Amino acid sequence: MLRRVLGALLLALLTLVGCASSEVPSVAGEQHDAGSHPGDAGADGPACTPDCLGKTCGPDGCGKYCGSCWGDAFCTPDGTLCSPTCVGSCDGKSCGDDGCGNSCGSCAAGEYCVGGTCSGSCTPSCTGKSCGDDGCGGSCGSCAAGQACVNGQCNSSCSPSCSGKSCGPDGCGGTCGTCGVGKVCNTTTGSCDATCTPACSGKSCGSDGCGGLCGTCPSGQGCSGGQCACDPQCGTKKCGPDACGGSCGSCAAGETCSSGSCSCVPQCTGKQCGPDACGGSCGSCSRSQTCQNGACVCVPQCSGKQCGPDGCGGSCGSCSGGKICSGGSCVCHDTLQPGQALGVGESITSCDGDVTLVMQSDGNLVLYGPPGALWSSNTANTPANVAVMQGDGNFVVYAGNTPYWNSNTANHAGAYLVAQDDGNVVIYQGSTALWSTQTCCY
């Protein structure tokens with residue numbers, strides 16, 4: 001009988017030891033055998049890729065850390081920020097640690113706490129792990145002095161801080177221990193206290209100081225100083241509203257905000273040409289124009305010209321001394337070609353400017369030189385009003401269809417008339433003189 005009682009007591013003691021060990025996480029200072037290092041490719045799998053996106057502290061998933069918290073600050077479970085008080089969480093858990101040294105519950109005799117859930121059976125899992133809990137109350141190994149077990153890997157980049165603490169976070173993703181039944185972990189002192197009074201006065205969220213929460217914030221809000229506040233939604237936005245009544249930034253002068261990005265707005269209002277301030281153009285001008293202050297302005301085309309239009313409604317100059325403008329140059333108007341004529345007031349002048357043949361308003365065709373009138377058609381006081389160098393070679397003074405005088409040089413097609421520098425007016429066919437005023441040398 002005594003043997004049976006002793007056997008039952010021994011079995012109960014072993015069961016209690018097994019259950020207790022399933023609640024205790026690995027801590028720094030333990031020894032361990034050889035294990036794989038974070039980031040190394042093992043024989044059974046590829047290299048570990050650290051995951052620190054959006055995280056400022058806590059494990060990186062490969063046995064190292066995304067950052068550490070200052071002083072006695074605690075890393076929140078999601079690793080997004082450091083909090084002056086530890087924020088425990090038992091969401092989805094019925095047993096095990098809440099992350100702050102407090103218990104989420106315990107399992108009945110014969111059950112194991114596996115992933116925060118009590119199970120009647122447990123298969124140890126140490127694949128890819130060199131330390132820490134095997135999930136069934138056992139150990140996958142221990143770490144050397146100065147190292148901490150983080151996500152199943154020994155890591156020396158973080159030094160656990162458990163001096164004077166019996167519970168709560170060790171600052172390296174582990175804990176300094178857990179508290180027994182009826183006690184809670186004071187996350188400020190790291191001691192297991194018999195009672196804890198939640199401090200939530202004036203707070204709507206955040207830690208209550210006893211491992212619990214004063215409340216949670218709705219989607220789109222974050223907890224700041226114990227109060228739920230709008231969480232600005234800026235992400236990669238450079239400008240525009242932040243969904244909290246504020247702004248994600250403003251654009252520079254000449255830019256506009258579109259879908260959170262600043263883009264240049266072409267400045268072409270009132271402009272025909274020139275740069276648009278965004279690397280483009282407001283337009284271009286024709287070849288005869290130039291762009292000045294955003295407007296196409298006509299450029300006078302007078303290069304190499306003495307006279308004639310400048311292409312912009314102006315003039316490149318005028319001719320004097322009886323010369324006329326031809327192709328932009330002042331040339332002598334000393335010739336009448338076949339089909340050309342002199343109307344009332346019109347004339348031709350020798351290239352030296354000395355003699356002029358003019359059709360007067362009195363009907364007379366007169367040749368003037370320095371001494372005065374040198375020759376005339378003697379048609380004064382007639383209705384004659386035009387002198388025509390005809391295509392047949394005849395030079396005729398007309399009034400309508402009535403001839404009043406002619407040079408009698410008909411039947412010489414192509415003949416033309418010239419006012420010469422010697423004072424003589426001559427009709428030529430080729431180089432042959434057909435008629436003249438006989439006023440040479442006056």
Filter result (outside any strand (DSSP E or B) and farther than 18 Å from residue 435 by Cβ) within region 365-397: 370, 371, 380, 381, 382, 383, 384, 385
The residue from 295, 243, 253 that alone is outside the structural domain of residue 221 (by TED's automatic domain parsing) and either within 30 Å of residue 331 (Cβ to Cβ) or at pLDDT 90 or above (or both) is 295
Residue hits (region 193-214; small (Gly, Ala, Ser), closer than 22 Å to residue 225 by Cα and at pLDDT below 75) are 211
So which pairs qualify, if the first residue must be in region 48-67 and within 12 Å of residue 155 (Cα to Cα), the second must be of a type in the set (Ser, Thr, Tyr) and in a loop (DSSP other than H, G, I, E, B), the Cβ gap must be under 6 Å, and the two must be at least 6 apart or on different chains? 64/157
Taking the options 352, 421, 362, name whichever one is surrounded by fewer than 19 Cβ atoms within 10 Å (Cβ to Cβ) and either assigned to a strand (DSSP E or B) or at pLDDT 95 or above (or both). 362
I need a count of the residues in region 380-423 that are on the phi < 0 side of the Ramachandran plot and either in contact (Cβ under 8 Å) with a residue 60 or more places away in the chain or charged (D, E, K, R) (or both). 10
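The rows are residues; the columns are (1) touching a residue at least 24 places away in the same chain (Cβ under 8 Å); (2) within 30 Å of residue 346 (Cα to Cα).
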{"residue": "236", "(1), (2)": "yes, no"}
{"residue": "244", "(1), (2)": "no, no"}
{"residue": "273", "(1), (2)": "no, no"}
{"residue": "297", "(1), (2)": "no, no"}
{"residue": "311", "(1), (2)": "no, yes"}
{"residue": "314", "(1), (2)": "no, yes"}
Hey, among 177, 164, which residue is part of a loop (DSSP other than H, G, I, E, B), farther than 30 Å from residue 243 by Cβ and in contact (Cβ under 8 Å) with a residue 60 or more places away in the chain? 177
Somewhere in region 174-192, is a residue at pLDDT 70 or above, over 20 Å from residue 96 (Cα atoms) and either surrounded by fewer than 17 Cβ atoms within 10 Å (Cβ to Cβ) or hydroxyl-bearing (Ser, Thr, Tyr) (or both)? yes
Here the residues within region 397-418 that are surrounded by 13 or more Cβ atoms within 10 Å (Cβ to Cβ), within 22 Å of residue 344 (Cα to Cα) and of a type in the set (Val, Ile, Thr) are 397, 418
Taking the options 234, 262, 291, 257, name whichever one is more than 30 Å from residue 198 (Cβ to Cβ), over 16 Å from the mean Cα position of the chain (by Cα) and part of a strand (DSSP E or B). 291
Working only within region 317-343, note down all residues that are crowded, with 19+ Cβ neighbours inside 10 Å, modelled with pLDDT of 90 or more and in a loop (DSSP other than H, G, I, E, B). 334
Extreme residue, nearest to residue 79 (Cα to Cα), among residues of region 163-173 that are crowded, with 22+ Cβ neighbours inside 10 Å and either of a type in the set (A, V, I, L, M, F, W, C) or modelled with pLDDT of 80 or more (or both): 172
Could you tell me which of the residues 134, 72, 91 is assigned by TED's automatic domain parsing to the domain that holds residue 165, at pLDDT below 70 and of a type in the set (D, E, K, R)? 72
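The values are calculated or read from the model by the stated rules, or taken from the named source; none is laboratory data. Note that the structure is a prediction, hence the values are computed from the model and not measured. As a convention, Cβ positions derive from the backbone with ideal geometry for all residues, glycine included, and neighbour counts pool all protein chains shown.
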